[in-house]
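Q: I am attaching a structure below and will ask some questions about it afterwards.
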Amino acid sequence: MCKCAPEEVIHCNRAGLRALPGEIAASTVSLNLSNNYLRILTTNTFRNLTFLHSLWLDGNNLTFLSPGTFHALSKLRELDLSRNSRLTYLHANTFRGLLNLISLDLSHCNIFEIHPLLFSHLPSLERLNLASNNMRYVPQAFSNLSSLTRLSLESNHIEAIGRDSLKDLESLYDLNLRKNRIWIIQNGAFTRLLRLGVLNLGHNFIADLPNQLFNGLIQLKTMHLEANRITDVDCTFRLLLNLRNLYLNNNQISSISDSAFSYLNKLHFLHLSKNNLSSLPLRLFVELPKLKHVFLSHNPWKCDCKMLWFLRWTAMFRGALEGLDCAFPSHHNTTALGGPQPGDPMDCTAPPELESKDTCGAAGISMAPGPLAPTSKVFLLAAICHTWYSARRWDSSAALL
């Protein structure tokens, strides 16, 4: 029931197998055993397949892998064990012999604990997928994975990231911790991840962002913190000099420090939709020369004098600004047409000096733009209408994000 390709590739996908076929050529390079009924693999199962480069065992009923099951597969580069829901525990010597393995997929199993020495036989491993298991803490099994560049722990039950949890992963580029229960991250947890380019902490329970939390991430390009419980943003991101994409949407942010994004000279994508923001501090976007996309929809914006500076900034901004839904008093309240009311933008002639919430110290203070010249009410009303119209036009597209 298996199909053989001319280049020593055998496909036994969905073949109803309960054991390995007896006559598989020793020269086989790629073997697909996905979606069958295999339960137990022993040390003899693959002993003659010494030329294997790729082995797929995903979607079976594996319950136990004998220590040394793969010991003869020294040339194996890719191993997929995902979607074996009965696989709960792996012996320390399970992967002994896989000296050239590059990719290992253990996702969608029921692994709740990993032996500290499980990966000690995998010096060449670059990609490790442990997503959708039952782990409640970061395994202490990463100490020998000096070549690892991609690690996924998505959709587990992890609650804390300790100071030493990731300390040995100095080659890591992509770390996915999305959809866990993380609410504690010790300072120094990411200090040694000097090559990390993508960090996904979205859909967790993170509420606080200490100022030193992301120290060491000097090469980080993309940060996901969406769908957490963050209420304030202070100086947490100021040392992420290579950051390009920042996702802070779907939080509870009501306050942002005026130099929260200082020194982020390469930031070009900022997502702040679905928060509790009513206004933005005066200096927030001043030092973001590469900013191209800003998403602000579904916030309770209050467009009074505190946001007058924002009208001026949008006139100079050359990127895409989406989702600013303002409720201007003079637009919705017909009684205001007789004259400007307190707080009405039409009554502002210059931006107010906003109280700084920055606690970064003198080194973090960014220069504020010069005072705006007195603006006629006619010109300001036109700017307000233009901004309101643009926000309405973009709001439908922003809702799709």
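The values are calculated or read from the model by the stated rules, or taken from the named source; none is laboratory data. Since the model is a prediction, treat every value here as computed from it, not as a measurement. Virtual Cβ from ideal backbone geometry, glycine too; neighbours counted across all protein chains shown.
Q: Taking only pairs six or more apart or across chains, which ones have beta-carbon atoms under 7 Å, a first residue in segment 71-99 that is touching a residue at least 24 places away in the same chain (Cβ under 8 Å), and a second residue that is basic (Lys, Arg) and surrounded by 16 or more Cβ atoms within 10 Å (Cβ to Cβ)?
A: Once the first residue is touching a residue at least 24 places away in the same chain (Cβ under 8 Å) and sits in segment 71-99, its partners that are basic (Lys, Arg) and surrounded by 16 or more Cβ atoms within 10 Å (Cβ to Cβ) give 71/96.
Q: Same structure, new question: Residue check: is residue 76 aliphatic (A, V, I, L, M), over 28 Å from the mean Cα position of the chain (by Cα) and farther than 19 Å from residue 118 by Cβ?
A: For residue 76, the condition - aliphatic (A, V, I, L, M), over 28 Å from the mean Cα position of the chain (by Cα) and farther than 19 Å from residue 118 by Cβ - is not met.
Q: Given (1) touching a residue at least 12 places away in the same chain (Cβ under 8 Å); (2) surrounded by fewer than 22 Cβ atoms within 10 Å (Cβ to Cβ); (3) aliphatic (A, V, I, L, M); (4) farther than 19 Å from residue 214 by Cα, where does residue 316 come up short, assuming only one miss?
A: Here residue 316 meets the rest and fails (1).
Q: Being surrounded by 17 or more Cβ atoms within 10 Å (Cβ to Cβ), in the same structural domain as residue 300 (by TED's automatic domain parsing) and closer than 22 Å to residue 173 by Cβ narrows it down to one of 269, 285, 261, so name that one.
A: Selected residue: 269, the only one of 269, 285, 261 that is surrounded by 17 or more Cβ atoms within 10 Å (Cβ to Cβ), in the same structural domain as residue 300 (by TED's automatic domain parsing) and closer than 22 Å to residue 173 by Cβ.
Q: If you don't mind, there's one more thing I want to ask. In segment 184-222, what residues are in a loop (DSSP other than H, G, I, E, B) and among the aliphatic types (A, V, I, L, M)? Working first, answer last.
A: Initially, segment 184-222 is screened for residues in a loop (DSSP other than H, G, I, E, B), giving 186-197, 201-221.
Result: 189, 193, 194, 196, 201, 206, 207, 209, 213, 217, 218, 220.
Q: While we're looking at this one, here's another question. Counting only residues that are in a loop (DSSP other than H, G, I, E, B) and touching a Phe, Trp or Tyr at 6+ places or on another chain (Cβ under 8 Å), which one in segment 42-63 is surrounded by the fewest Cβ atoms within 10 Å (Cβ to Cβ)? Explain how you work it out, then say what you get.
A: Applying the first criterion (in a loop (DSSP other than H, G, I, E, B)) to segment 42-63 yields 42-53, 57-63.
Then drop every residue that is not touching a Phe, Trp or Tyr at 6+ places or on another chain (Cβ under 8 Å), which leaves 46, 52, 60-61.
Values: 46: 22, 52: 25, 60: 24, 61: 14.
Within segment 42-63, the match that is surrounded by the fewest Cβ atoms within 10 Å (Cβ to Cβ) is 61.
Q: Now for a separate question. Only one of these is more than 23 Å from residue 210 (Cβ to Cβ) and among the aliphatic types (A, V, I, L, M): 177, 128. Name it. Full working, then the answer.
A: On the way: 177 fails: more than 23 Å from residue 210 (Cβ to Cβ).
That would be 128, the only listed residue that is more than 23 Å from residue 210 (Cβ to Cβ) and among the aliphatic types (A, V, I, L, M).
For (1) modelled with pLDDT under 95; (2) out of contact with any Cys (no Cβ under 8 Å at 6 or more places or on another chain); (3) over 20 Å from residue 57 (Cβ atoms); (4) crowded, with 17+ Cβ neighbours inside 10 Å, each residue gets a yes or a no:
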| residue | (1), (2), (3), (4) |
| --- | --- |
| 104 | no, yes, no, yes |
| 111 | no, yes, no, yes |
| 124 | no, yes, no, no |
| 129 | no, yes, no, yes |
| 133 | no, no, no, yes |
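Q: A further question on this structure: Confirm whether residue 180 is under 18 Å from the mean Cα position of the chain (by Cα), polar (S, T, N, Q), part of a loop (DSSP other than H, G, I, E, B) and crowded, with 22+ Cβ neighbours inside 10 Å.
A: Yes; evaluated as a whole, the condition is true for this residue.
Q: Okay, moving on. What number of residues in segment 230-252 are surrounded by fewer than 20 Cβ atoms within 10 Å (Cβ to Cβ), within 21 Å of residue 292 (Cβ to Cβ) and of a type in the set (A, V, I, L, M)?
A: Selection size over segment 230-252: 1.
Q: Out of everything in segment 283-311 that is touching a helix residue (DSSP H, G or I) at 6+ places or on another chain (Cβ under 7 Å) and in a loop (DSSP other than H, G, I, E, B), what residue ends up being modelled with the highest pLDDT?
A: The qualifying residue modelled with the highest pLDDT is 297.
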